[in-house]
1. Shielding by partners for A:115-126, please: the mean number of other protein chain Cβ atoms within 10 Å of each residue's Cβ.
2. At 7 Å along the Cα-to-beta-carbon direction for both residue A:151 and residue A:95, put a label point, then send me their distance in nm to one decimal.
3. In what sequence, highest mean first, do B:12-23, A:118-129, A:154-165 appear when ranked by Cβ atoms within 10 angstrom?
4. Taking N as the number of residues in the range A:51-163, what value does Rg over Cα atoms divided by 2.2 N^0.38 Å take?
5. Would you mind ranking B:8, B:118 by Cβ crowding within 10 Å, fewest neighbours first?
6. Fully extended, how many nm does the chain gain between residue A:138 and residue A:123 (0.36 nm per residue separation, minus their Cα-Cα distance)?
7. Test of understanding: ordering B:4, A:107 by Cβ neighbours within 10 Å, fewest first, what list do you get?
8. Calculate the spin-label point distance for residue B:9 paired with residue B:99, positioning each point 7 Å from the Cα along the beta-carbon direction, and give it in nanometres.
């Protein structure tokens, strides 16, 4: 049997190389679209969910603290300690959120200003050693206002975290 | 530089504003520790570091009373120049001291308001800076 040799012309070779390059590039783009982008989106979603859940926890605890103070079930020492814990936790979360998601959230200032307001109230200092704190009506109203303001700002912070692309 | 660490030198649970309101008050801290330490640092040309970290938290009145009395006895400029407050755990307290307590107590002083002293007995003589000179005396009597 005769063997027929086919000599590929130069133009055909460049076509094949071009097809090969297209194939490789196509596979790479496909890989990025199929694996890396969803992974990155997933990582980013998980991170956002984590931050949101941490902020939500602090919100729940802060509201519980305000409730306990308002209904006269809290003493001054536990109150100042709880404020400190919440403020440290939220400061850390906020720092991390702002750093990783390039935001400029400032929700911890609402806890701090409430802490400053309530721990400077005359009646709280007068009852420092009492088993339970009884707030004056004006202090109670102001506490509720500050609580609402904090809650509103937490919701807006969560929306901003969700909006990050 | 000299240093006061509230946790180890005063209390792990600082209390209310006045002595009559409870233990470990800002008034007590000022008279037992801060006034003397600040006067000594000033005399030696040192700055005084006040470290707030490690306690179980603060009533803002505690800090207001302690630092406010310092402003009253030594003047705003001397306190600003010679007191370094460290509060890494709760940075808000440093801001409160710098931006609210010090300027407000300077206004009280200029307006002639006198700090209250509420210990059962008068506080032992304490330092006050008068015309650039440190003097010791019982400047205000206790009224419980």
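Since every read-out is calculated from the coordinates, none of them should be taken as a lab result. This is a predicted model, so every value here is computed, not measured. A quick note on method: Cβ atoms are made from the backbone with ideal geometry, for glycine too, and the neighbour counts reach across all protein chains shown.
1. Average per residue, whole number: 6.
2. Inter-label distance under the simple model: 3.0 nm.
3. Ranked from most to least packed, the peptides come out as B:12-23, A:118-129, A:154-165.
4. 1.10
5. Least crowded to most crowded, the residues run B:8, B:118.
6. 4.3 nm
7. Exposure proxy ranking, most exposed first: B:4, A:107.
8. 2.8 nm
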